[in-house]
Amino acid sequence: MHTKRLLIVEDHEPTRDLLRLIFKRKGWQTFVAGTVAEGLALLGMVPPPTGLLLDLDLPDGRGETVLRKVREDRLPVRVAVCTGMDDPTRWSKVRGLGPEAMLQKPIDVGDVCAALTG
């Protein structure tokens, strides 16, 4: 059976911990990162994650960097961007990178699951 592997890149620790617990209970093997640098490092895991839950505003940069790496390296990762960001110009640029979903915080876990599993 193919294991669902989820990388959660979220800097707010309580949110990150809650998401990790929820998705673990839903059968996902979960990995967490609180920064762009940690997220990029974990993208290199073998095998790569099958899903990426990505915040955009991180302490060391923008989540778009992680999404761009996924697309440039053609990683087979479904991406759900979950953000509180409300800048329409930036929203449009992120959408141009092709995430499977862009969700405004607070998120609905069912919407995230749907985006990550197709």
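The values are calculated or read from the model by the stated rules, or taken from the named source; none is laboratory data. Just so you know, these numbers come straight off a predicted model, no measurement behind them. Positions of Cβ are generated from backbone atoms using ideal geometry, with glycine treated the same way; all protein chains shown enter the neighbour counts.
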Could you run through the stretch 1-28 and say how many residues are out of contact with any helix residue (DSSP H, G or I) (no Cβ under 9 Å at 6 or more places or on another chain) and of a type outside the set (D, E)? 14
Of the residues in the stretch 70-103 that are in contact with a helix residue (DSSP H, G or I) (Cβ under 6 Å, 6 or more places away or on another chain) and among the charged types (D, E, K, R), the one that is farthest from E13 (Cα to Cα) is E100
Per the filter on the stretch 71-98, residues more than 12 Å from L56 (Cβ to Cβ), of a type in the set (V, I, T) and surrounded by 13 or more Cβ atoms within 10 Å (Cβ to Cβ) are V77
Hey, can you tell me all the residues within the stretch 1-26 that are closer than 20 Å to L67 by Cα and in a loop (DSSP other than H, G, I, E, B)? K4, E10, D11, H12
Pairs returned, first residue in the stretch 56-70 that is crowded, with 16+ Cβ neighbours inside 10 Å, second residue that is small (G, A, S) and not in a helix (DSSP H, G or I), beta-carbon separation under 7 angstrom, 6 or more apart or interchain, are L56/G63
Of the residues in the stretch 106-116, those that are surrounded by 12 or more Cβ atoms within 10 Å (Cβ to Cβ) and either under 13 Å from the mean Cα position of the chain (by Cα) or over 21 Å from R71 (Cα atoms) (or both) number 7
When you check R74 against the structure, is it on the phi > 0 side of the Ramachandran plot, basic (K, R) and without any contact (Cβ under 8 Å) to a residue 40 or more places away in the chain, yes or no? yes
Yes or no: the stretch 99-117 includes at least one residue that is in contact with a Lys or Arg (Cβ under 8 Å, 6 or more places away or on another chain), closer than 17 Å to G61 by Cα and modelled with pLDDT under 95. no
If I filter the stretch 30-44 for residues that are surrounded by fewer than 16 Cβ atoms within 10 Å (Cβ to Cβ), among the charged types (D, E, K, R) and in a helix (DSSP H, G or I), do I get at least one hit? no
All positions within the stretch 80-118 that are under 22 Å from T30 (Cβ atoms), part of a loop (DSSP other than H, G, I, E, B) and either of a type in the set (A, V, I, L, M, F, W, C) or without any contact (Cβ under 8 Å) to a residue 40 or more places away in the chain (or both): G84, E100, K105, P106, I107, D108
